[in-house]
1. Of the residues in segment 64-83, how many are assigned to a strand (DSSP E or B), over 14 Å from Ala139 (Cα atoms) and in contact with a Phe, Trp or Tyr (Cβ under 8 Å, 6 or more places away or on another chain)?
2. Kindly evaluate Val94 against the criterion of being modelled with pLDDT of 85 or more, within 30 Å of Asp31 (Cβ to Cβ) and surrounded by 11 or more Cβ atoms within 10 Å (Cβ to Cβ).
3. Enumerate the pairs (first residue in segment 122-135 and more than 15 Å from Leu74 (Cα to Cα); second residue anywhere and open to solvent by 70 Å² or more (accessible area, probe 1.4 Å) and at pLDDT 95 or above) with beta-carbon separation below 8 Å, excluding pairs fewer than 6 apart on the same chain, so at least 6 apart or on different chains.
4. Report, by residue number, each residue of segment 74-91 that is crowded, with 18+ Cβ neighbours inside 10 Å and either among the hydroxyl-bearing types (Ser, Thr, Tyr) or free of Cβ contacts under 8 Å to residues at least 12 places away in the same chain (or both).
5. Can you name the condition, by its number, that Gly70 falls short on among (1) touching an Asp or Glu at 6+ places or on another chain (Cβ under 7 Å); (2) open to solvent by 70 Å² or more (accessible area, probe 1.4 Å); (3) at pLDDT 95 or above?
6. Given the conditions (1) under 17 Å from Val93 (Cβ atoms); (2) assigned to a loop (DSSP other than H, G, I, E, B), report the number of the one that Gly57 does not fulfil.
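The values are calculated or read from the model by the stated rules, or taken from the named source; none is laboratory data. Note that this is a predicted model, so its numbers are computed, not measured. Cβ placement follows ideal geometry from the backbone for every residue including glycine, while neighbour counts extend to all protein chains displayed. To get the accessible areas, we keep the full protein, side chains included, count just its heavy atoms, and leave off ligands, DNA and RNA. Shrake-Rupley method; radii C 1.70, N 1.55, O 1.52, S 1.80 Å.
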Amino acid sequence: MRKISRLSVCVAILAFICACDKKAETPPQKDTIPVTGKVEYNNRPVAKATVTFHAEGGSHVSTGITDDQGNFTLKTYGSKNGAPVGKYKVTVVVSNVVESEPGVLAPMPEEGTVRPTIPPVYADLETTTIEVDLQESNAGNLKIVLK
């Protein structure tokens, strides 16, 4: 039987670790511009809604959450503020989850007892009718009006 040197074992382990550590290639991140806006339905602000901008071609999504006045700020690539210039389909989803106290969710209401805050058509990428051509000229004052 041959003796395997410790050096050979260390080299083999190191090679294995390096091979496993290769990360999948991710597409390059595009430059972003600051994007803010407001969501309204029936002439009222839509609070606590998740607003998602889905880039044409599916290369990325940008998201924001509305405050009590319906205002949002988009973020892309994790916590990077803004979104790249381009064409988007937009979804808006309002959660009916309620906290009974900080950190404690209230029991879910019985099925059929909760009316949607906004029409459900806006929550699905296939059915939403909201499209935005995001440019530097309109990125600071987007107004999304739901009908």
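1. Here the count works out to 1.
2. On the way: modelled with pLDDT of 85 or more: yes; within 30 Å of Asp31 (Cβ to Cβ): no; surrounded by 11 or more Cβ atoms within 10 Å (Cβ to Cβ): yes.
Answer is no for this residue.
3. Correct list of pairs: Tyr122/Thr129; Glu131/Lys87.
4. Listed by number, the residues that qualify are Thr76, Tyr88, Thr91.
5. Against the list (1) touching an Asp or Glu at 6+ places or on another chain (Cβ under 7 Å); (2) open to solvent by 70 Å² or more (accessible area, probe 1.4 Å); (3) at pLDDT 95 or above, Gly70 comes up short only on (2).
6. Against the list (1) under 17 Å from Val93 (Cβ atoms); (2) assigned to a loop (DSSP other than H, G, I, E, B), Gly57 comes up short only on (1).
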